[in-house]
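S.K.: I have a structure I would like to understand better, so I am pasting it below and will then ask my questions one at a time.
Here, each number is a calculation from the coordinates, and none is a lab measurement. Owing to the predicted nature of the structure, the values given are computational and were not obtained by experimental measurement. Don't worry about glycine lacking a Cβ; one is built from the backbone with ideal geometry, like all the others, and counts go over all protein chains shown.
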Amino acid sequence: MRKIIWVLFFVIGIFIPSITYIYNNSYKIIRTKEYNLGITDEITKDIKYSQDINIPENIKKIGIMFGTYLRNNKGVLKVSIEQEKVKIETNIDVSKIENNKINYVKMNFSKLKKGKATLTIKGIDGKKGNSVCIFKSSDISLGKINRSQEASGIMYEMTYYSFNNIVKLQLLYLMLTTIMYIVIYKLSKNEKKNNKKLYVFVSLMIFFMINVKVPIVSFHAEPYVETLTNFLMYGIQKDFIQNLLIPDVGYLPLFTRIIGLFIIKIFGFNLKWTVFLMQNIGILLITFSASLFITNKFKKYGNFLFRMCVSIILGGGVTLTSSVEGYYFFNFVYYGFVTLVFFSLINFSRLKKINYLMILLLTFLIITSKSHYITLFPIAFIILVLLRKKINKRERIYLVIMMISSFFQLLFIKMNNSGGLVNQELRYPTISEILYRVVQQFIFVFFPVITDMYNIGFLNIAFLIGWFFLLGINFFFLIKLKNKESVISVTLLFLIVGVVILNISTTGNMFGWNQPYSWLNTSIILNARHSLFIIISYICLIILMLYNMKKILYRYLNTHSIFKFKNLKICEKIVYISISFILIIRFSAFDNNEAKNQFPNSIKIEKAISDWKSYYKFYKSENYLVPEEPFLLLSQNTDVYLVSNNVIKKENSLQGRDKSIDLYWIEGYINKETLQIHEVDLKKEIGINFLYTERLRANNFDSLKIIGLNEKNEVVWEIKQLNNSEKQFVGFKIDNLKKVRRIKFYTLDNNIAFVKDNIFIGTSDEYY
């Protein structure tokens, strides 16, 4: 029975969620863009349209968009694909064709291989007025209708599976996850003896899971802009002591800074590997923090499977808040809150002195690393005042350290006027607004996606009542049990309120905490890192409430002798196993929900504007322009211009942390449908250092090159793109600073290429 439970848990909680991530990364759709949409003539008898196309690897489906003229037509079409000596074909009953939709064609695509082929659509017996036509587009990047005098391509769609290097590495990490799980299963048979080994293997398993789910922050490490501007750059430019006191939007990131500096000072000679190590060490710290719960010190809070489930959720749920931001290096310390909760549950009196001192040190470092930890000051103070006679000396010292470090963080914030909490007036929310935001976070625990199917007003009121019931039952536990768990439970509830107030008061117009609200509507603010403390608190509440309910129930049942002790243990095990499956389904099925993700380009690698492996070397230059997540261009000694709709506009920079670095927010231009262009006219000759733009789609089969021409229409330079063929946002670096008037886009084999009509150029010339 144990083996069956473990197998089911693995399949439901680990394997299936991981496979969905791999599938989403491997499953590709390519479709003709609907530019200047038109139709061909009717495909009557012997009328034929053909087009050279690119067949991707592992192609599964091809669909064509037909027009029926909104009538019932008759006849047969023959669709064929010819590639060298291979030809596959099928007939289509015209009467079954749907108008203005992609109609998929059934063929044996396994006979085709990656490369060039010819798609042909021919009328067999159709007549004028009773036949269909084909929709065509001016997007010819996927091919051009051969018989057309104009530049048009057939509107069609292909689906295929791409087993690129990223997918292969995801599969490798899934295999490593599976191996770890098997080892953990075997070691857990003697949990007490193998406790340290289990701790290491569970931590590594969670780390491998994260690699499967979000490779963009792990093995394909793309840095978030704060990682570069506030940690990497300062770490390189300034000494160790100077770095320790540099604020991050007004607060002190002490622990993050120390870890970053350690890596930078040792590996700073290679920025590519520096960022990789920063990202992955940050993730490892998260996993080892979350895995503390499986150690013997927490055995009383549930069986091993339950504790492992909690560790997986807290460490490897990837996005408890439906945002991957928490996993970027500069944010990993948010998960330090998990460590603090677990530390608080430990019986300090049983610890060795060295272990206790390490806990105090880590507590100080964690709290002095994020502004949200200042909410702990009043809570620690109240507990210390009210319970000073009931807690031991070590617990009092722990609370004092918590107060000192949180007060130190608060003092640092007040003394720094560079941004964050002090760059704007504090806003004091109403009780109604506080309760509304608290309820929205509470709802998210149970319903990660809210649609119009729900009676939202009823849901809000029901969860408001539920939250007060939650508060009441935990006060009941506090009165009845008077144990540490009940104190921490009540503390977590007040902490949730404190974090909500802090977010509303300090985030301004960012992240949505101050958007208009109504009790008849739901909120869209459940996706930011600022909610992490809240979601972690709710999960920890589940742990503590289960424990307290067990204590109350055991006390009652033992008093009334209803069940034997053995039967109680069996019931307890069943409950914990059931809760484990409920939790893993909720947080594994909905983690990284793109529908609510703040920056969806931060998940899909091919859609990310950053490409660290291609751009990292630019940072050692005096002049650079580099795109970074999320939707930012970073420049030094370089002006940025946007070329769009035949207009050239100088972009305005944002206020960056480092005065020598300019930031340009370009979210509004990215991943949106625009016109396609082949040529850019700069109106006058100008020297260009960098050029960035979007291709029509992520996988365009061919890499691009740009050709620069002067006023005399002479070719001045020819530059290949820096990125691989699967990137949508691509970049070019021009070392030849000869001035150009026009820029044209081509494939590497000199075919005309098109890009979206949003071109960013970086230049040291003044355009105006």
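S.K.: Go ahead and run the numbers for FRET between S621 and K649, Cβ-Cβ distance against an R0 of 22 Å, rounding to 0.05.
M.R.: That gives a FRET efficiency of 0.30.
S.K.: Tell me the angle of helix 254-267 to the major Cα principal axis of the chain, expressed in degrees between 0 and 90 and rounded to the nearest ten.
M.R.: 50 degrees
S.K.: Continuing with the same structure: Determine which lysines satisfy two conditions relative to K128: a Cα distance under 16 Å, and not lying fewer than 8 residues away in the same chain.
M.R.: K45, K48, K74
S.K.: Points 7 angstrom from Cα along the Cβ direction at I281 and S518: gap in nanometres?
M.R.: In this crude spin-label approximation the distance works out to 5.1 nm.
S.K.: Right, another one. Compute the length gained on full extension between K74 and K87: take 0.36 nm times their separation in residues and subtract their Cα-Cα distance, giving the result in nm to one decimal.
M.R.: Here the segment from K74 to K87 would lengthen by 2.1 nm.
S.K.: Just order 515-521, 503-509 by mean Cβ neighbour count inside 10 Å, highest at the front, would you?
M.R.: Packing proxy ranking, top to bottom: 503-509, 515-521.
S.K.: Can you tell me the relative contact order of the range 267-346? Whole percent, Cα pairs under 8 Å, sequence separation 6 or more.
M.R.: Over the range 267-346, the number comes to 38 percent.
S.K.: If the limit is 23 Å between Cα atoms, which of K607/K738; K299/K370; K196/K300; K196/K299; K213/K607; K33/K683 go over it?
M.R.: K607/K738; K299/K370; K33/K683
S.K.: Another one. Provide the packing ranking of 680-693, 184-197, 747-760, i.e. peptides ordered by the mean count of other C-beta atoms within 10 Å per residue, highest first.
M.R.: 680-693, 747-760, 184-197
S.K.: Which order results if T256, T227 are arranged by neighbouring Cβ count within 10 Å, fewest first?
M.R.: T227, T256
S.K.: Now for a different question. Under a 5 Å amide H to amide H cut-off, with H placed in plane at 1.01 Å, what residues pair with I609 once short-range neighbours are removed?
M.R.: When sequence neighbours closer than 5 places are left aside, the close amide H contacts are F631.
S.K.: Of the listed pairs K192/K550; K78/K672; K144/K684, which have alpha-carbon separations greater than 25 Å here?
M.R.: K78/K672; K144/K684
S.K.: K480 versus N100, label points 7 Å from Cα toward the beta carbon: distance in nm?
M.R.: Simple spin-label model gives 6.3 nm for this pair.
S.K.: Now, a different point. Measure off 7 Å from each Cα along the Cα-to-Cβ vector at N455 and Y746, then give the distance between these two points in nanometres to one decimal.
M.R.: Between N455 and Y746, the simple spin-label model gives 6.7 nm.
S.K.: Turning to a different aspect of this structure: What angle do you read, to the nearest 10 degrees and between 0 and 90, between the alpha-carbon axis of helix 16-26 and the longest principal axis of the chain?
M.R.: Roughly 30 degrees, rounded to the nearest 10.
S.K.: On a 0 to 90° scale, report how tilted helix 304-316 is relative to the longest principal axis of the chain, with both axes built from alpha carbons and the result rounded to the nearest 10.
M.R.: The angle comes out at about 50 degrees.
S.K.: Between S660 and S110, 0.36 nm times their residue separation minus their Cα-Cα distance comes to what?
M.R.: 192.5 nm
S.K.: For the range 31-161, just run the numbers: alpha carbon Rg, then divide by 2.2 N^0.38 Å, N being how many residues it has.
M.R.: Cα-based Rg divided by the globular estimate yields 0.98.
S.K.: Further question on the same structure: FRET efficiency for M358 and I582, Cβ-Cβ distance as r, R0 = 30 Å, nearest 0.05?
M.R.: E between M358 and I582, to the nearest 0.05, is 0.30.
S.K.: Then there is this: Run the numbers on the chain and let me know its relative contact order in percent, using alpha-carbon pairs under 8 Å that are six or more apart.
M.R.: 11 percent
S.K.: I would also like to ask the following. Long-range amide H contacts for I688: which residues qualify at under 5 Å (H placed 1.01 Å from N, peptide plane, sequence gap of 5 or more or a different chain)?
M.R.: So I688 has HN proximity to V740.
S.K.: In what sequence do Y619, Y335 fall when counting other Cβ within 10 Å, fewest first?
M.R.: The fewest-first ordering by Cβ neighbours comes to Y619, Y335.
S.K.: Which order results if H220, H372 are arranged by neighbouring Cβ count within 10 Å, fewest first?
M.R.: Listing H220, H372 from fewest to most nearby Cβ atoms yields H220, H372.
S.K.: At R0 = 45 Å, how high is the FRET efficiency between I5 and F381 if r is their beta carbon distance? Nearest 0.05 is fine.
M.R.: It comes out at approximately 0.50.
S.K.: Taking K739 as the anchor, which aspartates and glutamates have their alpha carbon closer than 14 Å to its alpha carbon, excluding any fewer than eight residues away along the same chain?
M.R.: D681, E685, E711, E714, E718, D765, E766
S.K.: Below 12 angstrom from the Cβ of N58, what's the summed charge of the other residues (Lys, Arg +1; Asp, Glu -1)?
M.R.: With Lys, Arg at +1 and Asp, Glu at -1, the neighbours total +4.
S.K.: When only C-alpha pairs under 8 Å and at least 6 residues apart count, what is the relative contact order of the range 348-423, in percent?
M.R.: Once normalised by length, the contact order is 38 percent.
S.K.: Highest mean first, what order results for 202-213, 711-722, 292-303 on Cβ atoms within 10 Å?
M.R.: Sorting 202-213, 711-722, 292-303 by mean packing, highest first, produces 202-213, 292-303, 711-722.
S.K.: Test of understanding: what is the full-extension gain from L557 to F269, defined as 0.36 nm times their sequence separation minus their Cα-Cα distance?
M.R.: Stretched out fully, the L557 to F269 stretch lengthens by 97.1 nm.
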